[in-house]
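Undergrad: Please see the structure below; I have some questions.
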Amino acid sequence: MGRVGGAGGGCLGAPRKPWLHPQARGVPPFLLRCSRRKARAARAIAEGEAFWGGAAGAEPLPVGSCDGAGCAPSSSSSSSSFPPGGSDPAAPCPQEPCVAALARVERTDFLSPMCIGEVANVSAEITYTSKHSVEVQVNVMSENILTGAKKVTNKATLWYVPLALKNVNKVVEVPPIQYARKEQEDEGRKRYEEQKLDRLETKQRNGDVIMPVINPDRQTKEPHTVGYSQSSLIHLVGPSDCTLLGFVHGGVTMKLMDEVAGIVAARHCKTNIVTASVDAINFHEKIKKGSVITISGRMTFTSNKSMEIEVFVDADPFVDEPQERYRAVSAFFTYVSLSKEGKPLPVPQLLTETEDEKRRFEEGKGRYLQTKAKRQAQMQQAAQH
């Protein structure tokens, strides 16, 4: 099997290597840094998510005992997308069963490869709770069973909220956890406020629209412009995409988003491309069975070696629904360009034409520099220890 990127299209002209194909294992491609490296690590994270509630579904699995402060999150329930920290004016019944709902996946960087034949060790724990949301840290390590060598391959932070089983629009209160140190609670509260602020900023951008590209004549468009690589995919949500409660699995949505982002990157570079990282994925609204979703991607920024692609998922209720089209999910994907030998290649500079494109380019540059500075600070801190 050849090298495959985080995108569904995979890498172009890649050599045959014995790496796992993510889709062959039912893995959401967004969890892969590059296909030749991470299929099993991604599957491990996906299974870790399922342990705590799955990906943006809402399957009716019973929650553990309630303690009077609300129902405790189940260790084996599925989920549906819903904003963390959301509230419901009606106080939920303390004994009301609930399901965990995936609301946000924090930025995910892919650290090292996991190969066929290695063993994945997945650990997950609740690290913070607010009144209506739960932070779960998932860590994946790989072990070479021949040498015994172990390494961290993936880390992910996920935010869930508990939704009432009989009414998925009702948020159930979360009982607080006990912290070993006061500092842990303070640090968790800081992370909670940061993600909450980021979600608000993301919602402010939700007025942006990427018009679907229908039969584009790319011969008339200048290469390396936003319009040249812009791509869309239209998908009818069927039963196989959904949980038992009729809401789309988050993994299905993320797979489609990664496919569109990969197409944008491949059109821009005309080379092998692989996913380097995914910024926070925000699930703004649930997507019901029977909806028509439009997944749209556009290039926003390029550095010398990477490119940022913004992806939106808009939903159109299709059957017996008076609701108008709405923004369901949004995220930024970062890709890199590789040669057939797997070596990094320079990324063609994005040519911006309109004021909006120039604005988005500068915003992307700011995110790029911020991430770069944060990574350098972490490396320096690690070196000191």
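Undergrad: Condition first: open to solvent by 50 Å² or more (accessible area, probe 1.4 Å) and either basic (Lys, Arg) or closer than 20 Å to ASP316 by Cβ (or both). Now tell me which residues in segment 221-234 satisfy that.
TA: Of everything in segment 221-234, those that are open to solvent by 50 Å² or more (accessible area, probe 1.4 Å) and either basic (Lys, Arg) or closer than 20 Å to ASP316 by Cβ (or both) turn out to be LYS221, ILE234.
Undergrad: A further question on this structure: Quick one: count up the residues across segment 244-259 that are more than 18 Å from ARG104 (Cα to Cα) and open to solvent by less than 40 Å² (accessible area, probe 1.4 Å). Can you show your working first?
TA: Looking only at segment 244-259, we keep the residues that are more than 18 Å from ARG104 (Cα to Cα), and these are 244-246, 259.
Then keep just the ones that are open to solvent by less than 40 Å² (accessible area, probe 1.4 Å); that gives 246, 259.
Summing the residues that are more than 18 Å from ARG104 (Cα to Cα) and open to solvent by less than 40 Å² (accessible area, probe 1.4 Å) in segment 244-259 gives 2.
Undergrad: Would you please name the residue that is modelled with the lowest pLDDT, looking only at residues in segment 162-220 that are among the β-branched types (Val, Ile, Thr) and open to solvent by 80 Å² or more (accessible area, probe 1.4 Å)? Give the derivation first.
TA: Of all residues in segment 162-220, those among the β-branched types (Val, Ile, Thr) come to 168, 171-172, 174, 177, 202, 209-210, 213-214, 220.
So of that shortlist, the ones also open to solvent by 80 Å² or more (accessible area, probe 1.4 Å) come out as 209, 214, 220.
Working: VAL209: 63, ILE214: 50, THR220: 59.
Among them, the one singled out is ILE214.
Undergrad: With respect to the numbered conditions (1) surrounded by fewer than 21 Cβ atoms within 10 Å (Cβ to Cβ); (2) in contact (Cβ under 8 Å) with a residue 12 or more places away in the chain, which one is the sole condition not fulfilled by SER240?
TA: (2)
Undergrad: What number of residues in segment 339-370 are hydrophobic (A, V, I, L, M, F, W, C), touching a residue at least 24 places away in the same chain (Cβ under 8 Å) and open to solvent by 20 Å² or more (accessible area, probe 1.4 Å)?
TA: Initial filter on segment 339-370 (hydrophobic (A, V, I, L, M, F, W, C)): 345, 347, 350-351, 361, 369.
Restricting the remaining residues to those that are touching a residue at least 24 places away in the same chain (Cβ under 8 Å) gives 345, 347, 350-351, 361.
From the residues that got through so far, the ones that are open to solvent by 20 Å² or more (accessible area, probe 1.4 Å) too are 345, 351, 361.
Residues that pass the stated criteria total 3.
Undergrad: Output the number of residues of segment 105-148 satisfying the condition of being surrounded by fewer than 17 Cβ atoms within 10 Å (Cβ to Cβ), among the small types (Gly, Ala, Ser) and assigned to a strand (DSSP E or B).
TA: 1
Undergrad: Which residue, of VAL237, VAL278, VAL313, is farther than 30 Å from TYR192 by Cα, touching a helix residue (DSSP H, G or I) at 6+ places or on another chain (Cβ under 9 Å) and assigned by the TED database to the domain that holds LYS365?
TA: Values: VAL278 fails: farther than 30 Å from TYR192 by Cα; VAL313 fails: farther than 30 Å from TYR192 by Cα.
That would be VAL237, the only listed residue that is farther than 30 Å from TYR192 by Cα, touching a helix residue (DSSP H, G or I) at 6+ places or on another chain (Cβ under 9 Å) and assigned by the TED database to the domain that holds LYS365.
Undergrad: Taking segment 309-340 only, how many residues are acidic (Asp, Glu) and at pLDDT 85 or above?
TA: 4
Undergrad: Pull up segment 260-291, narrow it to residues that are polar (S, T, N, Q) and either in a loop (DSSP other than H, G, I, E, B) or over 14 Å from VAL105 (Cβ atoms) (or both), then point me to the one that is most open to solvent (accessible area, probe 1.4 Å).
TA: Here is the first cut: in segment 260-291, the residues polar (S, T, N, Q) are 271-272, 275, 277, 282, 291.
Okay, now just the ones that are also either in a loop (DSSP other than H, G, I, E, B) or over 14 Å from VAL105 (Cβ atoms) (or both), so 271-272, 291.
Values: THR271: 31, ASN272: 4, SER291: 5 Å².
The qualifying residue most open to solvent (accessible area, probe 1.4 Å) is THR271.
Undergrad: Being outside any helix (DSSP H, G or I) and either within 20 Å of GLN195 (Cα to Cα) or under 22 Å from the mean Cα position of the chain (by Cα) (or both) is true for just one of TYR335, TYR368. Which residue is that?
TA: Only one candidate passes the filter, namely TYR335.
The values are calculated or read from the model by the stated rules, or taken from the named source; none is laboratory data. Since we're looking at a predicted model, the values are computed, not measured. Neighbour counts are summed over all protein chains in view; Cβ atoms, including those assigned to glycine, are modelled from backbone coordinates with ideal geometry. With ligands, DNA and RNA removed, areas are computed over all heavy atoms of the protein, side chains included. Shrake-Rupley method; radii C 1.70, N 1.55, O 1.52, S 1.80 Å.
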